[in-house]
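Take a look at the structure set out below.
The values are calculated or read from the model by the stated rules, or taken from the named source; none is laboratory data. Note that the structure is a prediction, hence the values are computed from the model and not measured. Cβ placement follows ideal geometry from the backbone for every residue including glycine, while neighbour counts extend to all protein chains displayed. Side chains are part of the model used for accessible areas, which takes the heavy atoms of the whole protein and leaves out ligands, DNA and RNA. Shrake-Rupley method; radii C 1.70, N 1.55, O 1.52, S 1.80 Å.
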Amino acid sequence: MRTLIQRVQHASVTIDGQLKSKIGKGLLVLVGIEDRDTQEDIEWLCKKIANLRIFDDENGVMNRSVVETEGEVMVVSQFTLYADTKSRRPGFTGAAKPDVAIPLYEAFLSECARLGFPPQHGRFGADMQVYSVNDR
């Protein structure tokens with residue numbers, strides 16, 4: 001399992017011209033899943049995200065987590081995190097197929113909520129337009 005985590009001022013996901021979800025200040029988390037991922041991987045990674053001290057405290061030092069700041073979280077499935085770019089045409093065979101990836105993606109969303117940061121999210125496999133304004 002791979003994630004790309006970005007602090008954002010706000011982010012949104014649009015599918016077929018319709019706003020699916022949006023967040024204010026918090027984290028945009030792109031999640032890539034491979035066949036060998038397990039529930040233990042999900043638990044470890046979600047706990048890591050919950051406890052990353054990447055938000056400023058009252059002294060301007062990155063010392064607070066998204067949970068501590070009550071920030072919002074957007075989770076978007078992103079198979080391209082497993083792109084093989086050794087040739088000029090990327091291959092995506094490292095990414096799990098939907099029958100494996102969808103249950104793991106849904107478990108990831110559930111684990112985030114269980115840890116205190118219920119995420120907004122996209123829709124697995126959809127043609128999504130993801131918009132974000134990064135925060136430093």
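General observations
- Residue that is farthest from GLY122 (Cα to Cα) [pool: residues in region 49-82 that are open to solvent by less than 10 Å² (accessible area, probe 1.4 Å) and in a loop (DSSP other than H, G, I, E, B)]: SER65
- Every condition in (1) closer than 22 Å to ILE23 by Cα; (2) at pLDDT 95 or above; (3) out of contact with any Phe, Trp or Tyr (no Cβ under 8 Å at 6 or more places or on another chain); (4) not in a strand (DSSP E or B) holds for ASP41 except the one numbered (1).
- Qualifying residue in region 91-100 (condition: open to solvent by 60 Å² or more (accessible area, probe 1.4 Å), assigned to a loop (DSSP other than H, G, I, E, B) and at positive phi): no
- Residue list for region 68-108, filter: hydroxyl-bearing (Ser, Thr, Tyr) and out of contact with any Gly (no Cβ under 9 Å at 6 or more places or on another chain): SER87, THR93, TYR105
- ARG88 being over 27 Å from LYS20 (Cα atoms) and not small (Gly, Ala, Ser): yes
- Taken as a whole, the structure leaves THR38 outside the set of residues that are hydroxyl-bearing (Ser, Thr, Tyr), surrounded by fewer than 18 Cβ atoms within 10 Å (Cβ to Cβ) and either closer than 18 Å to VAL133 by Cα or within 14 Å of the chain's Cα centre (by Cα) (or both).
- Enumeration of residues in region 101-127 that are open to solvent by less than 40 Å² (accessible area, probe 1.4 Å) and touching a residue at least 40 places away in the same chain (Cβ under 8 Å): ALA101, LEU104, TYR105, ALA107, PHE108, GLU111, CYS112, PHE117, PRO119, GLY122, ALA126
- Among residues of region 80-93 that are in contact (Cβ under 8 Å) with a residue 60 or more places away in the chain, those with a Cβ under 7 angstrom from a residue that is in a loop (DSSP other than H, G, I, E, B) and among the charged types (D, E, K, R), sequence gap 6+ or separate chain, pair up as TYR82/GLU34.
- Flag if THR14 is closer than 24 Å to PHE124 by Cβ and surrounded by 15 or more Cβ atoms within 10 Å (Cβ to Cβ): yes
- Being surrounded by 14 or more Cβ atoms within 10 Å (Cβ to Cβ) and within 16 Å of PHE124 (Cβ to Cβ) is a description that applies to LEU30.
- The sole residue among VAL29, VAL8 that is in contact (Cβ under 8 Å) with a residue 40 or more places away in the chain and either among the charged types (D, E, K, R) or over 22 Å from ILE102 (Cα atoms) (or both) is VAL8.
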